[in-house]
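The values are calculated or read from the model by the stated rules, or taken from the named source; none is laboratory data. The shown structure was predicted, so the numbers you read here are calculated from the model rather than taken from an experiment. Don't worry about glycine lacking a Cβ; one is built from the backbone with ideal geometry, like all the others, and counts go over all protein chains shown. Ligands, DNA and RNA are excluded from the accessible area calculation, which covers all protein heavy atoms including side chains. Shrake-Rupley method; radii C 1.70, N 1.55, O 1.52, S 1.80 Å.
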Amino acid sequence: AGAAWLAARAGAVVVPVACRGTRRPPGTRRRFRPVVDVLVGEPFELPSDKGRQALVKATEQVRDRLATLVAELDSQRGEAP
């Protein structure tokens, strides 16, 4: 909710970014060098409406865009959701 509030309040454009491969698998050593995949989504604007309902709507919009992006990145990596 904080990120959505800040972006909507500032009138900023939100650029969703999904990253996968940053977690170290169990049993790996310190020098683990993962393959990290990053997918940058399309920028979008949040409505600048005020009030709790507007914040809930903006938060859901950010969450939906990020979830879609993560699912797309997982499918590109060949991973099951």
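The table for this structure:
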| read-out | value |
| --- | --- |
| Residues of the stretch 1-14 satisfying the condition of being surrounded by 12 or more Cβ atoms within 10 Å (Cβ to Cβ) and touching a Phe, Trp or Tyr at 6+ places or on another chain (Cβ under 9 Å) | Val14 |
| Test set (1) open to solvent by less than 70 Å² (accessible area, probe 1.4 Å); (2) under 16 Å from Ala7 (Cα atoms); (3) not aromatic (Phe, Trp, Tyr) - Lys57 fails condition number | (1) |
| Residues of the stretch 62-80 satisfying the condition of being under 15 Å from Asp37 (Cβ atoms) and either touching a helix residue (DSSP H, G or I) at 6+ places or on another chain (Cβ under 7 Å) or of a type in the set (Asp, Glu) (or both) | Glu72, Asp74, Glu79 |
